[in-house]
């Protein structure tokens, strides 16, 4: 029987995160420790502030069930993914191997993309990118939606012609013939993520066929079967995989399937702490990954629960220590946690 330790923490964003679902000043996350003998592995259940992928309350209740310590799989997905991640970290620590090596990767610098939400005007977006660029970030993902799109993207590209710039529409557009996509292409964006509703694969395929801007699919993919449907529909140039929602095994399976089809994979972030983000960084060095949201968490959080590899020339490199290379810092966790429990 494993011993499960849970810490729920509340972390404030450096500035409110604004998406199509609202404005959020903070986020809740659950750190999950799985212990066998003297070794503990760590994972994270990072509930999105809107509750889109499962609430922190639901994840806590599932993870606190004693059956999880006996090997049961909790729901919602962010809970099961956190346990799976913690067990992978534990096993790689037991073997004395960095998690990225345990998964078959090699330590290398990964360009660290940082995600920005919606802003009231283009000038605010430009200022936000400027602050992060001064800190060494060179790759950005910007949220867009109708009315908050081309003026913002054009302003960002004009102010920063050398940055990598991708967009995330969260399914807010409807027509693959919308001229806004030509405008995005003119601004030399890397890709647009989830331009249409998750169930509208035909629209994604039609936009992809235009070859104006590469198409990435995210919210559509909740399982391996979903990824197969996207590939069969030829609806994406890139698949965005959120391992903290899909789970490690499903993520690795989709990565292999995408490679067979010649489709790249993006490692998607969920505004994680350093614990969850280190898991993403371990995946980001695997073959087939073409993009990764692995920028340092202190770029968007006021405080963090653990250290993170340094940003060097716009990239981060996974540590060579066993597992994810770090434990949660006790003092930081104590200052941020709202509840804690140990089972088993």
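Just checking, which of 110, 126, 180 is farther than 28 Å from residue 284 by Cβ and at pLDDT 95 or above? Write out each step before concluding.
Numbers: 110 fails: farther than 28 Å from residue 284 by Cβ; 126 fails: farther than 28 Å from residue 284 by Cβ.
Within the list 110, 126, 180, the selection yields 180.
Mind checking which residues of region 183-212 are farther than 30 Å from residue 225 by Cα and either at pLDDT below 95 or surrounded by fewer than 17 Cβ atoms within 10 Å (Cβ to Cβ) (or both)? Outline the logic, then answer.
Filtering region 183-212 down to residues farther than 30 Å from residue 225 by Cα leaves 183-188.
Within region 183-212, 185, 186, 188 qualify.
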Counting just the residues of region 285-314 that are free of Cβ contacts under 8 Å to residues at least 40 places away in the same chain and in a loop (DSSP other than H, G, I, E, B), which one comes out farthest from residue 329 (Cα to Cα)?
288
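What about residue 327, is it buried (at least 21 other Cβ atoms within 10 Å of the Cβ), outside any helix (DSSP H, G or I) and in contact with a strand residue (DSSP E or B) (Cβ under 8 Å, 6 or more places away or on another chain)?
Details: buried (at least 21 other Cβ atoms within 10 Å of the Cβ): no; outside any helix (DSSP H, G or I): yes; in contact with a strand residue (DSSP E or B) (Cβ under 8 Å, 6 or more places away or on another chain): yes.
For residue 327, the condition - buried (at least 21 other Cβ atoms within 10 Å of the Cβ), outside any helix (DSSP H, G or I) and in contact with a strand residue (DSSP E or B) (Cβ under 8 Å, 6 or more places away or on another chain) - is not met.
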Give the residues of region 46-58 that are within 21 Å of residue 170 (Cα to Cα) and in contact with a strand residue (DSSP E or B) (Cβ under 6 Å, 6 or more places away or on another chain), sorted by residue number.
46, 47, 49
Filtering region 98-129 down to residues that are out of contact with any helix residue (DSSP H, G or I) (no Cβ under 7 Å at 6 or more places or on another chain) and within 13 Å of residue 165 (Cα to Cα), which residue is surrounded by the fewest Cβ atoms within 10 Å (Cβ to Cβ)?
111
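The values are calculated or read from the model by the stated rules, or taken from the named source; none is laboratory data. These numbers come from a predicted model, not from an experiment. Quick reminder, even Gly has a Cβ in these numbers, built from the backbone with ideal geometry, and neighbours come from all protein chains shown.
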